[in-house]
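Scroll down for the structure; my scribbles are underneath it.
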Amino acid sequence: MGADLEIQNSPTGAGVTQNNLHVRLRDVSDPAEVGGIVPYGESHDGVGGLARRLRSIDVSHDYRTRVGVDTLVFTDNANTHLGKYQQHATTMTSAVVAGMLALNTGNSLAANAYARVQTYADFNIGPSMSGYIDLPFKLTAAPATGQVIRIGGVRQSASATAQADDGFYIECTAAGVWQAVLNFNALGGGSVAATPLGFTAQPNQVHMALIVISQYFVDFYIDKVLLATINRPTSNGDMLAFGAFRLGAYLSNGSGALASFTQLHIGKWGVTYGDGEVDAPYAVRMAMMGNSGDNILGTGAAAAGITNSGVPSSATLSNTAAGYTLPDGNFQWAAVAGAATDYALFAYQVPAGSAAVRGQNLIVYGAVIELENAGAANSATVPTTVRFYLGTGSTAVSLATADNGTTGGRAPRRRYLGSITIPINAVVGQIGDRTIRTNFAVPAIVEPGTFVHIIARITSGAATASQVVTGSAHLDKHYSE
């Protein structure tokens, strides 16, 4: 940078006034002579022993400053949700304790005992992008000799003694050494790069870990301090042999019985893509997080009432009680006479927030419903016509629930979905005259603790002996962040 020194308020000369150095950049048009400042940003201040890291601010070819865009792709209070996490354990047990997923809640000392939890979802970091894993964790006691802990982007075998398959993670070895690891397909003959962290977990203290990966290196922070950096081996074409990683945690007693036990607790962890926009619709990202409405919130059990190779039990039609307590699925009822009565065919309460299950809204985008005649032929005099409605936000299962500003009651908010008619003299197996396919321009929101209903109003029909109306209903839905 070229510059002239000047005395304050003077176009020429040089000097210092009141301990201030005055600098004038050159007023010329030749780019080689133009004065300028090249700014750098600090990505690490040097605390913790590693070198201070500066990065130049990037400018695109059309002179715009490039700005990274972060996209949250997974976040969760770590739990035992079977729809999100693949879980294996021998002897060890797991449970949610004070809002954290605790591995080894039974305090096992047994040889070959282990617990592993990892996402079903894989996360792929694109070229020139960064990936961030936020990872709060704590131990209830110092690890015993022989125990192994791995947390981070780890793809772990279901074994008490096996090395991880692939990934980048924080590890406590059987010898009690905490280290940062970059594992390139170790079980497939690849390589493992590890460096000590100079860190020791303090019992019952939550440590805030952050692991950042790019196509060149991976950084390991604990409690805001950068403790290790591992560069991509020059012989590898990517950081990971699998090309993507899973978010996981692993605690093993190893092959021998232990003298003492510890529990590994995992808090609200997450995966964020940085320095590049991920063009995925919100609903897709929620499904990636395991927030699909096909899962029961909290447990992760299948939500739809669809029995494998079986017919549904017949619903008892009622205005005040649920025919089925799931959000949707297969259904059937014995034929009844037509009337202006609303039946709570499906009534499902979205779990309210608690210490064990985070409260999340259920977002409904539409519905698919069809009917079939079964049991006996339909009436020879009247068709069977059913109108279907969506009900959302009721504070009770009863469709008669009313809005009440004193007791906190709220009536279901209803949307008409459509009608289906089974014609006169319809034979067994005959499908209704149409399939309802509804897509909402504005989605319906079902808040934690409130109900989502599929309501059936049988406006025309006959109580024909042995006749059964059967069918399927499905709501397009997912849980919010």
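Let's see how each residue does on (1) surrounded by 15 or more Cβ atoms within 10 Å (Cβ to Cβ); (2) in contact with a Leu (Cβ under 9 Å, 6 or more places away or on another chain); (3) assigned to a loop (DSSP other than H, G, I, E, B):
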residue: R55; (1), (2), (3): no, no, no
residue: V67; (1), (2), (3): no, no, yes
residue: H81; (1), (2), (3): yes, yes, yes
residue: T90; (1), (2), (3): yes, no, no
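Conditions tested, residue by residue: (1) under 21 Å from S318 (Cβ atoms); (2) β-branched (V, I, T); (3) in contact (Cβ under 8 Å) with a residue 12 or more places away in the chain.
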site	(1), (2), (3)
I363	no, yes, yes
G375	yes, no, yes
S379	no, no, yes
G391	yes, no, yes
A426	no, no, yes
T438	no, yes, yes
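Please go through (1) modelled with pLDDT under 95; (2) surrounded by 15 or more Cβ atoms within 10 Å (Cβ to Cβ); (3) among the acidic types (D, E) for D403 and return the number of the only condition it doesn't satisfy.
(2)
Can you find, within segment 246-266, the residue that is farthest from Y114 (Cα to Cα) among those that are touching a Phe, Trp or Tyr at 6+ places or on another chain (Cβ under 9 Å) and of a type in the set (G, A, S)?
Across segment 246-266, the extreme among qualifying residues is G248.
Is it the case that A194 is assigned by TED's automatic domain parsing to the domain that holds A249, without any contact (Cβ under 8 Å) to a residue 40 or more places away in the chain and aliphatic (A, V, I, L, M)?
yes
Answer with yes or no whether L226 is at pLDDT below 95 and either under 15 Å from H44 (Cβ atoms) or part of a helix (DSSP H, G or I) (or both).
yes
Going by the structure shown, is G248 in contact with a strand residue (DSSP E or B) (Cβ under 6 Å, 6 or more places away or on another chain), over 30 Å from R55 (Cα atoms) and in contact (Cβ under 8 Å) with a residue 24 or more places away in the chain?
Yes, satisfied.
Just checking, which of A110, A141, A95 is surrounded by fewer than 16 Cβ atoms within 10 Å (Cβ to Cβ), in a loop (DSSP other than H, G, I, E, B) and in contact with a Ser or Thr (Cβ under 8 Å, 6 or more places away or on another chain)?
A141
Quick one: count up the residues across segment 412-431 that are over 19 Å from S466 (Cβ atoms) and assigned to a loop (DSSP other than H, G, I, E, B).
Of the residues in that region, 1 qualify.
With respect to V192, determine if the residue is part of a strand (DSSP E or B), touching a helix residue (DSSP H, G or I) at 6+ places or on another chain (Cβ under 7 Å) and over 18 Å from R116 (Cα atoms). Break it down into steps so the answer makes sense when it comes.
Numbers: part of a strand (DSSP E or B): yes; touching a helix residue (DSSP H, G or I) at 6+ places or on another chain (Cβ under 7 Å): yes; over 18 Å from R116 (Cα atoms): yes.
In short, yes.
I'd like to check something: does segment 246-260 contain any residue that is surrounded by fewer than 22 Cβ atoms within 10 Å (Cβ to Cβ), modelled with pLDDT of 90 or more, in the same structural domain as Q87 (by TED's automatic domain parsing) and in a strand (DSSP E or B)?
No, segment 246-260 contains no residue that is surrounded by fewer than 22 Cβ atoms within 10 Å (Cβ to Cβ), modelled with pLDDT of 90 or more, in the same structural domain as Q87 (by TED's automatic domain parsing) and in a strand (DSSP E or B).
Can you find a residue that is modelled with pLDDT under 95 and assigned by TED's automatic domain parsing to the domain that holds V212 anywhere in segment 105-115? Before you say what the answer is, go through the steps one by one.
Just the residues of segment 105-115 that are modelled with pLDDT under 95, to begin with: none.
Checked against the condition, which is being modelled with pLDDT under 95 and assigned by TED's automatic domain parsing to the domain that holds V212, segment 105-115 yields no hits at all.
Kindly establish whether L362 is surrounded by 20 or more Cβ atoms within 10 Å (Cβ to Cβ), within 22 Å of A444 (Cα to Cα) and not small (G, A, S).
Yes: the conditions hold for L362.
Hey, I149 hits all of (1) in contact with a Pro (Cβ under 8 Å, 6 or more places away or on another chain); (2) part of a loop (DSSP other than H, G, I, E, B); (3) at negative phi but one; which does it fall short on?
If we test I149 against (1) in contact with a Pro (Cβ under 8 Å, 6 or more places away or on another chain); (2) part of a loop (DSSP other than H, G, I, E, B); (3) at negative phi, just (2) comes out false.
State all residues of segment 217-237 that are surrounded by fewer than 13 Cβ atoms within 10 Å (Cβ to Cβ) and either of a type in the set (D, E, K, R) or touching a Lys or Arg at 6+ places or on another chain (Cβ under 6 Å) (or both); if no residue qualifies, say none.
Of everything in segment 217-237, just one residue is surrounded by fewer than 13 Cβ atoms within 10 Å (Cβ to Cβ) and either of a type in the set (D, E, K, R) or touching a Lys or Arg at 6+ places or on another chain (Cβ under 6 Å) (or both), namely K224.
Residue-by-condition table, conditions (1) assigned by TED's automatic domain parsing to the domain that holds H44; (2) surrounded by fewer than 18 Cβ atoms within 10 Å (Cβ to Cβ); (3) touching a residue at least 60 places away in the same chain (Cβ under 8 Å); (4) in a strand (DSSP E or B):
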| position | (1), (2), (3), (4) |
| --- | --- |
| F168 | no, no, yes, yes |
| E171 | no, no, no, yes |
| G176 | no, yes, no, no |
| Q179 | no, no, no, yes |
| N183 | no, no, no, yes |
| L187 | no, yes, no, no |
| T200 | no, yes, no, no |
| I211 | no, no, yes, yes |
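Cβ contacts < 6 Å: first residue within 20 Å of V67 (Cβ to Cβ), restricted to segment 267-281; second residue acidic (D, E) and at pLDDT 80 or above, any location; separation 6+ or different chain. Result?
Pairs found: T272/D70; G274/D70.
R387: of a type in the set (K, R), over 35 Å from the mean Cα position of the chain (by Cα) and closer than 30 Å to P351 by Cα, yes or no?
Spelling it out, R387 is indeed of a type in the set (K, R), over 35 Å from the mean Cα position of the chain (by Cα) and closer than 30 Å to P351 by Cα.
The values are calculated or read from the model by the stated rules, or taken from the named source; none is laboratory data. Only a predicted model underlies this, so the values are computations on that prediction, with no experimental measurement involved. Every residue, glycine among them, receives a Cβ derived from its backbone with ideal geometry; neighbour counts consider all protein chains shown.
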